[in-house]
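The values are calculated or read from the model by the stated rules, or taken from the named source; none is laboratory data. Since we're looking at a predicted model, the values are computed, not measured. Note: ideal-geometry Cβ built from the backbone for every residue, glycine included; neighbour counts use all protein chains shown. Each accessible area value is taken on the protein alone, full model and side chains, heavy atoms only, with ligands, DNA and RNA left out. Shrake-Rupley method; radii C 1.70, N 1.55, O 1.52, S 1.80 Å.
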Amino acid sequence: MGCGTSIATEPLAQRKETDDTAKVPSPALTIKAAILIQRWYRRYMARLEMRRRYTWNIFQSIEYAGEQDQLQLSSFFSFMLDNFTHLNGNGPDLISQLLDPVVDPWLDRESCYNLIPVPESYSGPRLSFPLSVSHTNTLLNAFKNQQALHAKYLMQLLYETKKLLRHMPNITHLSTSYAKEITVCGDLHGRLDDLLLIFYKNGLPSADTSYVFNGDFVDRGKQSVEVVVLLFAYLLLYPDHMHLNRGNHEDHIMNLRYGFTKEVMQKYKTFGREILQLFQDVFSLLPIATVIDGKVLIVHGGISDQTDLNFLSTIERHKVKSALRLPRYDVNEQDVRSSRTRGTDSPRPGNCRSHRSQKTPIQRKRHCGLSRQDSSSSSSSSSSSVCSPRSPRPYTAAADVLQVPFLDSLSAVPPPSPPPPPQHQQEWKQIVDVLWSDPRPQEGCSPNTFRGGGCYFGPDVTQRLLLSHHLQLLIRSHECKQEGYELCHNGQVITIFSASNYYEEGSNRGAYIKLGRELVPRFYQYQVSRSTRKLTLTQSVRAAEGSALRALKEKLFAHRSDLMSGFLQYDNGHTGCLSVSAWAEVLTSVLRLDLPWCTLRPHLARLTADGSVEYQSCFEDMNPGHPLPQVTPRLAETLFRYRTNLEIIFNIIDKDQSGLISVEEFRNTWRLFSTHLGVDLDERSIDDLARSIDFNKDGSIDFTEFLQAFRVVHQQQGSARRMGD
């Protein structure tokens, strides 16, 4: 036994010595393992970065496609306004007031807000003018606690802002000799949390902390009113240290689509229209550029090869109410407006609303009708949008009369007046270029076909403008950047964007710039989100990627018929399969989105064993939300495609914001809209649809419920989950 024990013990000791030796690898083996880990990590990060980039491309492409849709919708609004005085036949409606507002003598009186009663139960902030620091602090605390500002104080604030801006130049000149540092912020888009975080990190506006906010304060976000109220309040408090440039979203036509109009009407149902008109006036008076120390130019969008700062400084900027419509100029303009002005002797109710009989929401619904345009207003019917979407071709019956298709009939209207003089067109285009343009790496200047408005300008265009005006740097906003900022054109152009999580939670950082006397920009980044901080980089990319792909799949669903027609042109044998290149070509031509379709293919469609794409698999995991039995697939697809546009139009028709519109209004407006877009739909289908969605048969439609039938339900998220694998 002793012998056995000694024999057993000796191998164990040898084995322990061998294990200890194995724990210390050779230097060559260590280096090899490190190289393998490094290669794996680099491949992993490269794949992650590729996913981030195409996710970003999806978001941006869909955003710019929406802006092109907005330009087309503004053309539709112009079409209605140019040819029909009043859609409802008895007084100006919201679209007429916003696109071509009448002069309201009551609203033009600064004392009108004093007629608005403030109930004793109101517990929100109360303002008196001139504002003090305590007022702005009260506003900050109130908005943090989700309190709203009463309509009386909001209207008074807007009047005071309008009074101040009226005396400001088109181009504001600042000097760092008075302010040691100037902070430049980009788009906020109604993100109150981003604004509050900027103030927390950088300090509240004061004589020691100067700011330039470079446009796009409103739209998209849910707290645009609060954002713009704070900015205007600090502008009034520190007019020498708070500076605001106009952006392309300080535009009432853009506000119709991207949420600000709806937000105001929901938050201020009693005085919403008056407040919107005041916002429209204030927005048109915002300066269009800022220059720091004669060396740094700050504009919202960019420039073109025609941009002339000296010329811009002479423009009457308040005449450009919207960059999407060429302003109307006519020698008889004052006569036209006076003929459409409401009489000053008209009785005005105590709540400051236009006089109208008291009716129930159902009774208040009026049928759409066509009233012949008055000859006195025909002289102001010329308009233009940034692009020229397709519109119905007028039928000419005589030299002095146009036959315009309206609903199911033709109506004679006076012809449009001659276009504005070249001088006015040049003024308008200069402002459009400054608000809408984007830089690009290629030389030269060309129309911005991606957005549909403004220009693409190259480094040579930047160089020429900077040299001609003795500048050294151009700061602009207008484009969301993943890191919150981006440099291009050899560092001469900086894009700054201050709305974090713009597309999706974790999609991008916000940033601002600080400029001292040396004019060397210093960048500060941030991201507003408690949940995002807890996510790893992989989880953050996966969440944004899934959201982007869902939005892209909805785009596929909305164009299903057109895509299938394109696929079948390549698939002569009706095999249901196409080559990857042919599949990608159809998607590009139909959707007009510049995306890496071959890279995205694994998330959108299946491959067969021979490497072909089963193109019908693009749609198999999507279905309408609650399809209505009377709706044909073609009509359902069309309604979904123009869902946003229809929502805008019906919100305009829904004057009292009750959520109800009449069946006849639904029927007539959709016919007009489809005529303008050239959409060929069976009118019987529209009539059947209108009757079917009058659920309680009271002659009204709950449009919110109706829209729920035309959304996409993603029944499978398998492909989205595979992306994170």
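Using 0.36 nm per residue and subtracting the Cα-Cα separation, the extra length available between THR538 and SER26 on full extension is 180.9 nm. Inter-label distance, ARG691 to SER561: 2.2 nm, where each label sits 7 Å from its Cα along the C-beta direction.
Using R0 = 22 Å, the C-beta based FRET efficiency linking GLN425 and LEU467 works out to 0.25.
If the segment from GLU63 to CYS488 were pulled out straight at 0.36 nm per residue, it would be longer than the present Cα-Cα gap by 150.8 nm. Annotation: GLU427 carries an accessible surface of approximately 30 Å², with a 1.4 Å probe and no ligand, DNA or RNA atoms counted.
Here LEU519 and TYR570 are evaluated by their C-beta separation; at R0 = 41 Å the FRET efficiency comes out at 0.15. For the range 135-176, list residues with backbone N below 14 Å from a point placed 7 Å from the Cα of ASP293 toward its Cβ? Residues 174-176 fall inside that zone. Of the solvent-accessible surface of the range 530-589, computed with a 1.4 Å probe and all protein chains present, 50% belongs to carbon and sulfur.
Given their separation in residues at 0.36 nm each and the Cα-Cα distance between them, ILE35 and ALA207 gain 56.4 nm when the chain is fully extended.
To the nearest 10, the accessible area of LEU326 is 10 Å² with a 1.4 Å probe. Determine the sum of side-chain charges near GLN569: Lys and Arg each +1, Asp and Glu each -1, restricted to other residues whose C-beta is under 12 angstrom from that of GLN569. Value of the local net charge: -3. Couplings 3J(HN,Hα) of the range 285-297, computed from phi: 9, 5, x, 9, 6, 9, 10, 9, 6, x, 10, 10, 9 Hz, in residue order, whole Hz [Karplus 6.51 cos²θ - 1.76 cosθ + 1.60, θ = phi - 60°; x for Gly and Pro].
Taking a sphere under 14 Å around the Cβ of THR209 and counting the other residues whose Cβ falls inside, with K and R at +1 and D and E at -1, yields a net charge of 0.
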